[in-house]
Amino acid sequence: MQVLIQSIQKLFAMTQSYTDEFVDNSQLAGTPRQGWLSTLAKAPASEVLRLWEGLVAPESQVLRPAETGMVMVRGRTGGAGNPFNLGEMTVTRCAIRLATGETGIGYVAGRDKAHAYVAAVADAMMQSSVWHDQVRDGLIEPLQQASDARRDVLSRKAKATQVEFFTMVRDRKA
Amino acid sequence: MAYVAVKGGERAITNAHAWLGEMRRGDVAVPELSVAQIREQMGLAVDRVMAEGSCYDPDLAALAIKQARGDLPEAIFLLRAYRTTLPRFGASTPIETADMAVQRRVSAAFKDIPGGQVLGPTFDYTHRLLDFKLAADGGHEVPPAQVSEEVMPTQLATIAQVFAHEGLLEGDPVTDTSAQPYDLTREPMAFPADRDQRLQALARGDEGFLLSLAYSSQRGWGSTHPLCGEIRMGEVSVGFTPDELGFEIELADLPMTECIMLSGFAGSAEQAPQYTRGYGLTFGHNERKAMSMSIVDRALRGRELGEEGQAPCQDEEFVLYHSDVVEASGFVQHLKLPHYVDFQADLQFLRRLRREFFDAKAKALAEQAEHMKEAAE
């Protein structure tokens, strides 16, 4: 019983320190961190894990184990008006801390827990001058390039289906 | 009370489910479908299950379709049930469909819409002839899609933006940034329903039901004389602000279909005549649903626009109470659960009524005979 209480207290303390640390980070909006977190969130899990295998990661402590939940996606009435609830999407999140102190947060689309964990570790490493370049070159940039390439092909396929109208001129004399 | 506890069916149920499993698998000489195959090759079924299941997750939807033996309302039920097991992290920033990475965009109303008519991967203009090449076992080569040397513009103007300066189309102003939109997953259906509540219900609503309602409207039962202003399909970025970050990140680029239906409005003393709009939006590529939704959305705005309509598509209680496939299917299909007590009570009542009927009839006959006898005397 004593052990159970201790472990609960420990867990509570851990959560406390973890939430205390992230009170107001709104000044970070528009920073490169937003960019890499988005890249990690959108990338297919298989691609993230494949690239991750080629990287060396430092020791980290899990602050919040990967957990799957949902985010309600909101549309806008008429396309640009007041919000309404369209439907949910699955999302998985995870939080870790490196031995050197950087805290990483992973929020990824879908239910892949390894994906969320890797996103959290990568986020922490991107904040460390020691690991930043390695993760940027070995993970973030290849993911972003793959995403851009996929987008580019879709855009060109769409363009190929654009209708080019022409008007028939009828020659009444003929 | 409609039900009665019945015991003794466990063995029958276990055996029935085992047989169901066998039927689901089908002929074992035929290779089993993988979830990935369903996700990739039954994409529109997956899209429908996600839209009406109200949960975007292609792998879960494909699994549900496999488990349901391709019965889409059953798959939608499975997905809805699963989502109740998950916590909610929050709500996204309202999406901007004007920024959609468009794969398809057509306007039936305006031929020269800026950005052009882009057909995308559509069934339109196919001849609807069965293609027996697809029946060949393997080795069927798919000719690659054409890839243009040009790319699409990063943003295509919407029909609303195109005509905004003239005021020919009603706007959709953001009138309330503080209020949380109605959430049917947390609150019960209530009336009168505002447009946010109606749009959520329609987005989750059964495609077949909305299609029929839209069709009935077009045929004159509450017609709004719609013109298809714009349909667009493509990927829309979903932004979310996690509490622990305090700033927004993009979570996903989700494929969505949007439809804006135009409908005439004569105007009023304060309001110049202009087009009003019906709105449809769904997860995935789901054009029939988005179009139907936009027609029904417009029909349901009768109260707001001073239209005195009595047609089914204009009656919000009728539409919203009956649009959910899980609720509708559940209520119709609950009739196959044991109603033994109802039936027994009915039987007793019916027997008594019949006894009274025949007694009364016999009595009448006897009185008639008596009467005739008296008359004869």
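The values are calculated or read from the model by the stated rules, or taken from the named source; none is laboratory data. It should be emphasised that the depicted structure is a prediction, and the values quoted were computed from it without experimental measurement. Note that each Cβ is placed from the backbone with ideal geometry, even for glycine, and that neighbours are counted across all protein chains shown.
Can you say whether B:Ile295 is within 26 Å of B:Ala91 (Cα to Cα), modelled with pLDDT of 95 or more and buried (at least 22 other Cβ atoms within 10 Å of the Cβ), as far as the supplied structure shows?
In short, no.
With (1) under 31 Å from the mean Cα position of the chain (by Cα); (2) more than 9 Å from chain A (Cβ to nearest Cβ) as the list, and B:His165 as the residue in question, which single condition is left unmet?
Of the numbered conditions (1) under 31 Å from the mean Cα position of the chain (by Cα); (2) more than 9 Å from chain A (Cβ to nearest Cβ), the odd one out for B:His165 is (1).
Filter the range B:59-92 down to residues that are facing chain A (nearest Cβ under 7 Å) and among the hydroxyl-bearing types (Ser, Thr, Tyr), then give me how many there are.
Total satisfying the criteria: 1.
Within the range A:50-79, work out how many residues are within 13 Å of chain B (Cβ to nearest Cβ), modelled with pLDDT of 95 or more and more than 29 Å from B:Leu86 (Cα to Cα).
Final tally of qualifying residues: 0.
Out of all the residues in the range B:184-200, which are under 12 Å from the mean Cα position of the chain (by Cα) and more than 11 Å from chain A (Cβ to nearest Cβ)?
Selection gives nothing.
From the set of residues in the range B:51-90 that are hydroxyl-bearing (Ser, Thr, Tyr) and within 20 Å of B:Met256 (Cβ to Cβ), which is surrounded by the most Cβ atoms within 10 Å (Cβ to Cβ)?
Checking each candidate, the answer is B:Tyr56.
Residue-by-condition table, conditions (1) crowded, with 20+ Cβ neighbours inside 10 Å; (2) free of Cβ contacts under 8 Å to residues at least 40 places away in the same chain:
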| site | (1), (2) |
| --- | --- |
| A:Val73 | yes, yes |
| A:Gly78 | yes, yes |
| A:Asn82 | yes, yes |
| A:Thr100 | no, no |
| A:Tyr107 | yes, no |
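Taking the range A:128-171 on its own, how many of its residues are closer than 21 Å to B:Ala101 by Cβ and in a helix (DSSP H, G or I)? Give the derivation first.
Of all residues in the range A:128-171, those closer than 21 Å to B:Ala101 by Cβ come to A:140-163.
From what is left, the residues that are in a helix (DSSP H, G or I) are A:140-160.
Of the residues in the range A:128-171, 21 are closer than 21 Å to B:Ala101 by Cβ and in a helix (DSSP H, G or I).
Among the candidates B:Ala203, B:Ala214, single out the residue that is assigned to a helix (DSSP H, G or I) and either at the interface with chain A (Cβ under 8 Å from one of its Cβ atoms) or basic (Lys, Arg) (or both).
Among B:Ala203, B:Ala214, only B:Ala203 is assigned to a helix (DSSP H, G or I) and either at the interface with chain A (Cβ under 8 Å from one of its Cβ atoms) or basic (Lys, Arg) (or both).
Quick one: B:Ile295 ticks every box in (1) touching a residue at least 40 places away in the same chain (Cβ under 8 Å); (2) farther than 12 Å from B:Leu202 by Cα except a single one, so which number is it?
The one condition B:Ile295 does not meet is (2).
Return the residue satisfying two criteria in turn: it lies in the range B:163-172 and is at pLDDT 85 or above and part of a loop (DSSP other than H, G, I, E, B), and of such residues it is nearest to B:Asp99 (Cα to Cα). Give the derivation first.
Filtering the range B:163-172 down to residues at pLDDT 85 or above leaves B:168-170.
Narrowing further to those that are part of a loop (DSSP other than H, G, I, E, B): B:168, B:170.
Values: B:Leu168: 22, B:Glu170: 20 Å.
Residue satisfying both the conditions and the ranking: B:Glu170.
Just name the residue that is modelled with the highest pLDDT out of those in the range B:110-144 that are surrounded by 10 or more Cβ atoms within 10 Å (Cβ to Cβ) and among the small types (Gly, Ala, Ser).
Looking at the filtered set, the residue picked out is B:Gly120.
Being assigned to a loop (DSSP other than H, G, I, E, B) and more than 8 Å from chain A (Cβ to nearest Cβ) is the filter here, so list the residues in the range B:146-162 that pass it.
Within the range B:146-162, the subset assigned to a loop (DSSP other than H, G, I, E, B) is B:146-158.
Matches in the range B:146-162: B:Pro153, B:Thr154, B:Gln155, B:Leu156, B:Ala157.
Anything in the range B:23-50 that is surrounded by 11 or more Cβ atoms within 10 Å (Cβ to Cβ) and either of a type in the set (Val, Ile, Thr) or modelled with pLDDT under 95 (or both)? List them, or say none.
First, pick out the residues of the range B:23-50 that are surrounded by 11 or more Cβ atoms within 10 Å (Cβ to Cβ): B:24-26, B:33-50.
Once the filter is applied, which keeps residues that are surrounded by 11 or more Cβ atoms within 10 Å (Cβ to Cβ) and either of a type in the set (Val, Ile, Thr) or modelled with pLDDT under 95 (or both), the range B:23-50 yields B:Val35, B:Ile38, B:Val46, B:Val49.
Counting just the residues of the range A:153-164 that are at the interface with chain B (Cβ under 7 Å from one of its Cβ atoms) and over 11 Å from B:Glu150 (Cβ atoms), which one comes out farthest from the chain's Cα centre (by Cα)?
Filtering first and then ranking leaves A:Val163.
Among the residues of the range B:200-220, write down those that are in contact with a Gly (Cβ under 9 Å, 6 or more places away or on another chain), without any contact (Cβ under 8 Å) to a residue 40 or more places away in the chain and surrounded by fewer than 24 Cβ atoms within 10 Å (Cβ to Cβ).
none
Could you give me the residue pairs with C-beta distances under 6 Å whose first residue belongs to the range A:161-172 and is within 19 Å of B:Leu119 (Cα to Cα), whose second residue is at pLDDT 70 or above wherever it lies, and which are 6+ apart or on separate chains?
The qualifying pairs are A:Thr161/B:Val118; A:Thr161/B:Leu119; A:Thr161/B:Gly120; A:Gln162/B:Gly116; A:Gln162/B:Val118; A:Val163/B:Gln117.
Is it fair to say B:Ala109 is closer than 30 Å to A:Asn82 by Cβ and away from chain A (no Cβ under 14 Å)?
Yes: the conditions hold for B:Ala109.
Does B:Phe358 satisfy the condition of being at pLDDT below 95, among the aromatic types (Phe, Trp, Tyr) and over 30 Å from B:Pro121 (Cβ atoms)?
When the stated conditions are applied, B:Phe358 does not pass them.
Only residues that are free of Cβ contacts under 8 Å to residues at least 60 places away in the same chain, surrounded by fewer than 22 Cβ atoms within 10 Å (Cβ to Cβ) and either more than 10 Å from chain A (Cβ to nearest Cβ) or at positive phi (or both): list them for the range B:224-258, please.
B:His225, B:Gly246
Output the qualifying pairs, or none if there are none: Cβ atoms under 8 angstrom, residues six or more apart or on different chains, first residue in the range B:49-61 and farther than 19 Å from A:Gly75 by Cβ, second residue part of a loop (DSSP other than H, G, I, E, B).
B:Asp59/A:Gly110; B:Asp59/A:Arg111; B:Leu60/A:Arg111
Quick grid of which residues meet (1) among the aliphatic types (A, V, I, L, M); (2) touching a residue at least 12 places away in the same chain (Cβ under 8 Å):
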position: B:Met100; (1), (2): yes, yes
position: B:Gln103; (1), (2): no, yes
position: B:Gly116; (1), (2): no, no
position: B:Pro121; (1), (2): no, yes
position: B:Lys133; (1), (2): no, no
position: B:His140; (1), (2): no, no
position: B:Pro143; (1), (2): no, no
position: B:Met152; (1), (2): yes, yes
position: B:Leu156; (1), (2): yes, yes
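Condition first: touching a residue at least 24 places away in the same chain (Cβ under 8 Å), part of a helix (DSSP H, G or I) and surrounded by 16 or more Cβ atoms within 10 Å (Cβ to Cβ). Now tell me which residues in the range A:38-61 satisfy that. If you could, list the steps in order and put the result at the bottom.
Our first condition is that a residue be touching a residue at least 24 places away in the same chain (Cβ under 8 Å); within the range A:38-61, this holds for A:39-43, A:45, A:47-49, A:51-52, A:54-61.
Those still in the list that are part of a helix (DSSP H, G or I) too: A:39-42, A:45, A:47-49, A:51-52.
Passing the criteria: A:Thr39, A:Leu40, A:Ala41, A:Lys42, A:Ala45, A:Val48, A:Leu51, A:Trp52.
Check the range B:109-122 and report whether any residue there is touching a Leu at 6+ places or on another chain (Cβ under 7 Å) and under 30 Å from B:Leu320 (Cβ atoms). Write out each step before concluding.
Going residue by residue through the range B:109-122, those that are touching a Leu at 6+ places or on another chain (Cβ under 7 Å) are B:109, B:115.
Next cut, under 30 Å from B:Leu320 (Cβ atoms) only: B:109.
Within the range B:109-122, one or more residues are touching a Leu at 6+ places or on another chain (Cβ under 7 Å) and under 30 Å from B:Leu320 (Cβ atoms).
Just a yes or no: is a residue in the range B:117-132 over 30 Å from B:Thr85 (Cβ atoms), out of contact with any strand residue (DSSP E or B) (no Cβ under 8 Å at 6 or more places or on another chain) and at the interface with chain A (Cβ under 9 Å from one of its Cβ atoms)?
Scanning the range B:117-132, I find no residue that is over 30 Å from B:Thr85 (Cβ atoms), out of contact with any strand residue (DSSP E or B) (no Cβ under 8 Å at 6 or more places or on another chain) and at the interface with chain A (Cβ under 9 Å from one of its Cβ atoms), so the answer is no.
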